[in-house]
Amino acid sequence: MIKETDVIIQARLDSTRLPEKVLLSIGKKPLIAWIVERLTLSQYIRNIIIATTEDSLSRIKRSLKNYSFVKYFTGSKNNVLERYYQAASHFGSKVIVRATGDNPLVCPEFLDKTLEYHEEAGADLTHFLGIPIGTGVEVIGSDALNSVYKNAKSPYDLEHVTPFIYKNRDSYKVLEPLSSGFYYSPDIRVTVDTPADLVHVRQIFDNFRNKAFISMEDIISYHKSGYKIKGINTWKIPITV
């Protein structure tokens, strides 16, 4: 595995559907702290980098004050592709794991599987299909990221980093391994994009509050057991700062 393999998490505080969501409390920690903790369980990652904006940096750093190993990079607010490219260049990343600030249940085991597939195939972009939404990552080679940065022009491509690659598969090697059997659960959603998503994910963490780590098996079994979302209209959002 290439040593210069870094996670870059895109995160800022001015999201419109759920403002300041990376600071929102799940259990006793801010959402972004769960992401960082789960990413540290990868056996291949060198750096965990938060790619944010200048106006979001101080509060995000404060929320992660107990995680001194986390690195930070500030860049464009709307041109996320540029922010990613510059962060990867700054830290000398050869393989970039793209994670987002929406996913406190990102799965380190599948992250490592994705990296292994990516390296074995010599792919430009790799991600798993069929796993629960919010548990996966994208893996991008630095050459591919550099190419996208030079060639992508549309506002959508600049805001979302990888769509240019998917739209130009004849120019890039895209690898999309498909989960199977028990792990094939594309109907399960554990990303946090709305208030209802937050309620749902909080209930998952509460259900497994006595476990040190919530596994992919736990997530899928929980949803297959007939859970019920409660309190959609009565919840409050505490913010950790």
* Asked: Angle, helix 108-121 long axis vs. longest principal axis of the chain, Cα atoms, 0 to 90°, nearest 10?
  -> 20
* From phi via Karplus (6.51, -1.76, 1.60), per-residue ³J(HN,Hα) for the stretch 41-46 in Hz, x at Gly/Pro -> 7, 5, 8, 10, 7, 8
* **Per-residue ³J(HN,Hα) for the stretch 68-75, Karplus 6.51 cos²θ - 1.76 cosθ + 1.60, θ = phi - 60°, Hz, x for Gly and Pro** => 5, 7, 5, 10, 10, 9, 10, x
* Work out the length of the dipole vector of the stretch 5-224 about its Cα centre, built from +1 on the beta-carbon of each Lys and Arg and -1 on the beta-carbon of each Asp and Glu, and round it to the nearest 20 debye. => 720
* To do: Take the Cα pairs of the stretch 1-113, get the Kirkwood Rh, then feed it into Stokes-Einstein at 25 °C and 0.890 mPa s and tell me D in µm²/s.
  => 174
* Asked: Straight-line reach from K71: which aspartates and glutamates have Cα under 12 Å away, leaving out those fewer than 8 places along the same chain?
  -> D6
* Structure-based [θ]222 nm, the chain - -39500 (n - 2.57) summed over DSSP H runs of at least 4, per residue, nearest 500 -> -10500 deg cm²/dmol
* Go through the stretch 19-36 residue by residue and turn each phi into a ³J(HN,Hα) via Karplus (6.51, -1.76, 1.60, θ = phi - 60°); whole Hz please, and just put x for glycine and proline. => x, 6, 5, 5, 9, 5, 7, 10, x, 10, 10, x, 3, 5, 5, 5, 4, 4
* Structure fact -> Longest principal axis of the chain (C-alpha) makes with the long axis of helix 54-63 (C-alpha) an angle, in degrees to the nearest 10, of 50
* Using only alpha carbon pairs under 8 Å that are at least six residues apart, calculate the relative contact order of the chain and give it in whole percent. => 23
* At what distance in angstrom do the alpha carbon centres of the stretch 1-74 and the stretch 182-230 lie from each other? -> 21
* Which length gain, in nm to one decimal place, applies between S58 and R209 when the Cα-Cα distance is subtracted from 0.36 nm times their residue separation? -> 51.4 nm
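What is the antiparallel percent of DSSP beta bridges lying wholly in the chain, to the nearest 5?
Looking only at bridges with both residues in the chain, the antiparallel portion is about 30 percent.
Cross-link list K173/K211; K167/K224; K77/K153; K94/K173: which exceed 27 angstrom alpha carbon to alpha carbon?
Over 27 Å Cα-Cα: K173/K211; K167/K224.
Coordinate-derived values only; no laboratory data. This one's a predicted model, so the numbers in the text were calculated from it and none came from an experiment. Quick reminder, even Gly has a Cβ in these numbers, built from the backbone with ideal geometry, and neighbours come from all protein chains shown.
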